Amino acid sequence: MKAIGDEISQKYAPAYFSKTTEIVILPVDPYHLHAYWALADDKAALLKRGKFVLRVHWLPDGVKKPSKSKLWFDIGLKPFSKSKKITLLIDDTWYLVEIGIRAEHKFTAFAVSNTIHVPRARLTVVQGDLPRRKTRLEVSEEDKIFYDEALIDAEIKKTLAGKNMLKVLDLLPAPREMKLPINPYDEESIDAEIRAALRQKRIAMSLENPSQEITGHQEKSQSGQGINASRL
């Protein structure tokens with residue numbers, strides 16, 4: 001902002017002493033303006049008679065004449081200054097500046113500036129319905145994803161139950177003719193198949209070691225003969 005003000009003062013500010021006294025103001029932002037002036041020789045000689053000031057007029061109704069404005073404030077200046085940055089209290093309104101001297105509670109104007117309007121510093125409130133741009137993404141029914149927690153939970157349980165069933169069947173010494181139950185979740189069918197497998201395993205073990213059963217049979221026969229001999 002300072003760079004902008006310096007550039008404006010170099011390009012557009014009038015010389016300090018000139019044939020006529022003039023002042024120009026330019027808006028900077030909603031709360032600032034720059035004032036640039038040049039004094040005629042006769043006006044510069046009057047600076048010793050009072051305080052060199054800028055009188056800033058607030059023109060809420062857009063009036064062009066400072067005499068009709070009752071809202072103003074003064075800013076003191078150095079005798080040989082030629083520009084000033086002014087801080088404003090109200091945005092979005094009109095301003096006008098006079099340059100002169102103030103002595104004995106009386107203001108004597110040397111020149112009157114142009115009238116400017118500073119911009120609004122707040123957002124503009126708009127009343128009524130405004131057309132809004134559609135931001136929702138239109139998705140077809142086929143592309144929609146439905147999240148049903150009950151269905152998801154059932155699928156998870158079904159998957160885990162199937163995995164556990166396969167683990168149990170892998171551990172069983174099932175014969176080749178063993179058939180899986182029609183209903184893999186029927187506990188009675190699973191229990192019956194397990195018992196049948198264990199029964200077949202015992203039979204297979206007995207066929208692999210027949211000597212144990214023969215020895216047992218001979219012992220029974222000998223014990224029977226001993227009993228018969230004693231009876232004789």
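The values are calculated or read from the model by the stated rules, or taken from the named source; none is laboratory data. Remember, it's a predicted structure, so these values are computed and weren't measured experimentally. Reconstructed Cβ throughout: ideal geometry from the backbone, glycine too, with neighbour counts over all protein chains shown.
Results, tabulated for the structure shown:
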{"item": "2 or more residues closer than 13 Å to residue 117 by Cα: qualifying strands (runs of 3 or more DSSP E) within the stretch 24-95", "result": "32-40, 51-59"}
{"item": "Conditions (1) within 48 Å of the chain's Cα centre (by Cα); (2) modelled with pLDDT of 70 or more; number of the one not met by residue 100", "result": "(1)"}
{"item": "Filtered residue count, the stretch 40-82, keeping only those that are closer than 14 Å to residue 111 by Cβ and touching a His at 6+ places or on another chain (Cβ under 7 Å)", "result": "1"}
{"item": "Pairs, first at positive phi in the stretch 82-108, second of a type in the set (D, E, K, R), C-beta under 6 Å, six or more apart", "result": "92/120"}
{"item": "Output for the stretch 57-74, where each listed residue is in contact with a Leu (Cβ under 8 Å, 6 or more places away or on another chain) and either crowded, with 16+ Cβ neighbours inside 10 Å or of a type in the set (Ser, Thr, Tyr) (or both)", "result": "57, 58, 59, 66, 69"}
